[in-house]
Amino acid sequence: MSRKARLIIMTGGSMQALAANYYELLGIGQTATLDEVKAAYARQLAEFRDMLARREPPPAESLDALREAFKTLSDPQARGAYDAGLDAAPPLSIAPAEPAVAAQHAAEGREERFEFVGEGGEYFRIWIVNIFLTIVTLGIYSAWAKVRREQYFHRNLMLDGSGFDYHGKPMAILKGRLVALLLVGGLSAAQHLSPLAYGIAFLCLVPLVPWLAVKAFRFRAYNTSYRGLHFSFHGTYGQAFKVFVGYGLLAMVTLWLAFPVFYRQLRKFILDNTCFGTTAFDCSVTTGAIYRIFLFPGFVILALFAAIVLVTAMGAGGGGAGLAAAGFMILLIPLLLVLPQVVLVPYVAARSNNAVWSATALGPHRFASRLPVGGFIGLTVVNWLGILCTLGLFIPWARVRVARYRAEHLTLAVDGSLDDFVAGEAGAVTALGDEAAEMFDLDIGL
């Protein structure tokens with residue numbers, strides 16, 4: 001942490017000292033680029049997290065000043081006004097009012113961009129240790145590995161200069177995985193006994209799926225926070241049963257023609273029942289929008305299967321046609337295996353991400369996702385090539401690249417002040433009581 005920042009913390013976060021020089025606060029020079037500003041801010045936040053971990057919380061004013069410095073210096077207009085005032089003022093004088101006003105206007109009624117500031121090499125060290133300890137403990141450490149992974153990706157996801165956080169407990173995750181393992185193991189054992197036993201076990205398991213899903217969604221939401229304020233999930237078992245069993249069976253009996261309906265209901269169930277503080281998300285994505293996303297992948301898969309059927313019929317004739325058909329089959333089967341992973345899956349992921357988030361609001365604030373489909377497919381292809389060429393060692397870099405790409409194309413159109421909104425929600429939650437009294441003690445997610 002810079003000398004100025006340490007002084008601010010030691011002096012209790014004097015706002016006069018905080019206003020003196022945003023560059024000194026971040027520990028950078030006045031000619032620093034935007035990337036250098038972001039990197040410096042990430043380093044300072046890491047210092048604050050270390051202090052919190054040591055139970056040495058810094059004054060709230062110092063963190064507020066750090067956020068204000070980042071907001072000002074990361075916005076070209078606000079930074080220009082700040083630099084003009086800084087050049088005209090004595091080195092340690094209070095910054096003129098113009099920058100604060102400019103920063104305030106910049107913060108209100110504008111789009112706040114999400115940003116992922118993690119690095120592949122940094123995550124590689126976490127990833128390789130997680131794998132090693134999971135192997136030597138025969139999988140038991142996987143729950144602790146998940147906590148380390150989630151904390152890394154949450155804490156490096158930034159919005160308006162603040163990172164998210166993850167508070168899940170490894171024992172709760174381990175408990176959930178043991179429950180899932182027992183259920184799957186019981187189903188597998190019943191399958192080896194008789195078809196009747198398997199059918200009975202399967203029917204008994206079906207009603208448990210919605211219950212487990214609700215528990216997992218509640219666990220994940222409550223253990224996620226932003227600026228100290230937790231999310232929450234309020235979906236009921238009845239709603240989950242309708243989605244997972246009702247719409248899930250509808251998708252199956254229609255030979256997956258109704259899968260977009262199931263997908264839309266699932267996304268709405270999750271988002272519409274999730275709250276930040278006391279304000280609920282609202283997802284208004286339409287069934288038609290989801291169907292349009294799945295039309296192209298469905299057509300491609302059907303065309304490939306039709307080609308395989310045609311080539312197989314040609315091969316049945318024998319002779320030269322049979323040899324040609326065998327050659328085409330050698331090309332078609334790998335294409336059927338590779339194409340969905342490197343093209344169709346990222347295509348659906350990008351378009352569905354854009355459709356769902358661009359139709360989602362949090363109170364007066366609206367999300368917008370502009371993930372380029374072609375760019376995301378290209379990113380996926382490069383990631384797959386990197387993973388194959390390095391025998392899997394590129395996986396941490398691939399995950400970080402995906403997280404960064406998704407974040408940089410997701411924005412939140414803020415209506416008013418995001419600081420005021422978060423503060424208001426924190427006050428409302430305090431007034432209503434802490435929802436942590438409910439038991440969020442089971443997680444089946446991987």
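Details
- The one condition from (1) at pLDDT 90 or above; (2) in contact with a helix residue (DSSP H, G or I) (Cβ under 9 Å, 6 or more places away or on another chain) that L388 does not meet is (2).
- Index of the failed condition, V345 passing every other in (1) crowded, with 19+ Cβ neighbours inside 10 Å; (2) out of contact with any helix residue (DSSP H, G or I) (no Cβ under 6 Å at 6 or more places or on another chain); (3) part of a helix (DSSP H, G or I): (1)
- The condition of being at pLDDT below 70 and open to solvent by 40 Å² or more (accessible area, probe 1.4 Å) holds for only one of L446, L442, that being L446.
- Taking (1) within 25 Å of A403 (Cβ to Cβ); (2) open to solvent by less than 60 Å² (accessible area, probe 1.4 Å); (3) at pLDDT 80 or above in turn, L339 satisfies each apart from (3).
- Looking across the range 372-411, the residues that are among the charged types (D, E, K, R) and surrounded by 15 or more Cβ atoms within 10 Å (Cβ to Cβ) come down to R399, R401, R404, R406.
- All of (1) over 30 Å from Y141 (Cα atoms); (2) at pLDDT 80 or above hold for S93 with one exception: (2).
- Hey, A190 surrounded by 19 or more Cβ atoms within 10 Å (Cβ to Cβ) and without any contact (Cβ under 8 Å) to a residue 40 or more places away in the chain or not: yes
- Matching residues in the range 118-177 - criterion: being open to solvent by 40 Å² or more (accessible area, probe 1.4 Å) and assigned to a loop (DSSP other than H, G, I, E, B): E119, T137, L138, I140, Y141, H167, K169
- Selection count where residues are open to solvent by less than 30 Å² (accessible area, probe 1.4 Å), in contact with a Ser or Thr (Cβ under 6 Å, 6 or more places away or on another chain) and either without any contact (Cβ under 8 Å) to a residue 12 or more places away in the chain or not in a strand (DSSP E or B) (or both), scope the range 355-371: 1
The values are calculated or read from the model by the stated rules, or taken from the named source; none is laboratory data. Since the model is a prediction, treat every value here as computed from it, not as a measurement. Virtual Cβ from ideal backbone geometry, glycine too; neighbours counted across all protein chains shown. These area figures cover heavy atoms from the full protein model, side chains too; ligands, DNA and RNA do not enter into them. Shrake-Rupley method; radii C 1.70, N 1.55, O 1.52, S 1.80 Å.
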